[in-house]
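Okay, structure first, notes after.
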Amino acid sequence: MTKNIIIIGSSGAIGSSFLKHYAEEDKNNIIYALSRSEAASPSSNIHNVSIDIESDSSISNASSICSEAGPFDIIIVTTGMLSDENISPEKSLRHLNKESLSKIFSVNTLGPALIAKYFIPLLKKDAPSFLGFLSARVGSISDNRIGGWYSYRASKAALNMIIKSLSIEVARNNPQSIVAGLHPGTVDSKLSKPFQGNVSEGKLFTPDYSVSKMAEVISNLKPENSGSCFAWDGEEIEF
């Protein structure tokens, strides 16, 4: 069945793989690719839209552009930040600083929350629809056994709470919708590159493999699954 789809963060490793996956799934799918930089377009049905997830006005403007083609079956937010040239995951409390905490939360939590504000109204109401956010197993409070990575863990835990609250509110007006977190596993990407030496053999996935598995998870979710977080293999991750 032909779908209307939005991929936010479409120029990243996972976002571009989602574009490829859904473009190949059905050549009639209409896909809006949102990112700061224009994504490669493997299909003429892919429409590029600029977005800065740290700007309220940019998110609002992007949603207005997409609304002309709505409503949408699937919206996936693939943005996220773990480190950059100035920020590294904290190994201990002494490495915490306000600037890094603020930046990580801005990208991983505040941006997705504002995206939800403007894009949830674009979801279909007369058929099942899906809004997904890339979360992470390390954002699970109950699964945290080694500590560290304060800002990344906390930003993803906060995102999980937002996902849960969204699912409750959205269900009141759109009971067929599904709002969920997606854990892609450890993907061979710019985000994971500095930390791949610690990944167990066979657990470093290509973006295409991870996306194919997450797309399968998405296709099997039901409204009663809304508000939860699911790993690439379909396992529900406890918050």
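The values are calculated or read from the model by the stated rules, or taken from the named source; none is laboratory data. Since this is a predicted model, take the numbers as computed values, not measurements. Here Cβ is always computed from backbone atoms with ideal geometry, including for glycine, and neighbour counts include all displayed protein chains.
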task = Report whether or not K190 is at pLDDT 95 or above and in a loop (DSSP other than H, G, I, E, B).
result = no
query = Only one residue in S50, S11, S35, S17 is touching a residue at least 12 places away in the same chain (Cβ under 8 Å) and touching a Pro at 6+ places or on another chain (Cβ under 9 Å), so which one is that?
reply = S17
Filter result (hydrophobic (A, V, I, L, M, F, W, C) and in a strand (DSSP E or B)) within the range 9-37 = I30, I31, A33, L34
key: From the options I87, I75, residue that is closer than 20 Å to E54 by Cβ, within 15 Å of the chain's Cα centre (by Cα) and either of a type in the set (S, T, N, Q) or not in a helix (DSSP H, G or I) (or both)   = I75
inquiry  = Going residue by residue through the range 155-172, is there one that turns out to be under 26 Å from K3 (Cβ atoms) and touching a His at 6+ places or on another chain (Cβ under 9 Å)?
reply    = no
remark   = Of the conditions (1) under 26 Å from G185 (Cα atoms); (2) part of a helix (DSSP H, G or I); (3) among the hydrophobic types (A, V, I, L, M, F, W, C), the single one that I6 does not satisfy is (2)
note = Those residues of the range 53-72 which are assigned to a helix (DSSP H, G or I) and buried (at least 20 other Cβ atoms within 10 Å of the Cβ) amount to I59, A62, S63, C66
remark   = Flagged in the range 136-153 as in contact with a Lys or Arg (Cβ under 9 Å, 6 or more places away or on another chain) and in a loop (DSSP other than H, G, I, E, B), in numbering order, are A136, S140, I141, D143, N144, G147, G148, W149
key: V179 in contact with a Gly (Cβ under 8 Å, 6 or more places away or on another chain), closer than 24 Å to S106 by Cβ and either among the hydrophobic types (A, V, I, L, M, F, W, C) or modelled with pLDDT of 95 or more (or both)   = yes
task = Identify the residue in the range 171-187 that is free of Cβ contacts under 8 Å to residues at least 60 places away in the same chain and part of a loop (DSSP other than H, G, I, E, B) and, among all such residues, is nearest to F18 (Cα to Cα).
result = G185
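Hey, among the residues in the range 160-170 that are aliphatic (A, V, I, L, M) and crowded, with 17+ Cβ neighbours inside 10 Å, which one's nearest to the chain's Cα centre (by Cα)? Explain how you work it out, then say what you get.
Within the range 160-170, the first condition is being aliphatic (A, V, I, L, M), and the residues that meet it are 161-163, 166, 168, 170.
If we keep only those that are crowded, with 17+ Cβ neighbours inside 10 Å too, we end up with 162-163, 166, 170.
Numbers: I162: 13, I163: 11, L166: 14, V170: 18 Å.
The qualifying residue nearest to the chain's Cα centre (by Cα) is I163.
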remark   = In the range 126-170, anything farther than 17 Å from L221 by Cβ, basic (K, R) and in contact (Cβ under 8 Å) with a residue 40 or more places away in the chain is listed as R137, K156
key: Selection status of G227, surrounded by 13 or more Cβ atoms within 10 Å (Cβ to Cβ), on the phi > 0 side of the Ramachandran plot and modelled with pLDDT of 95 or more   = yes
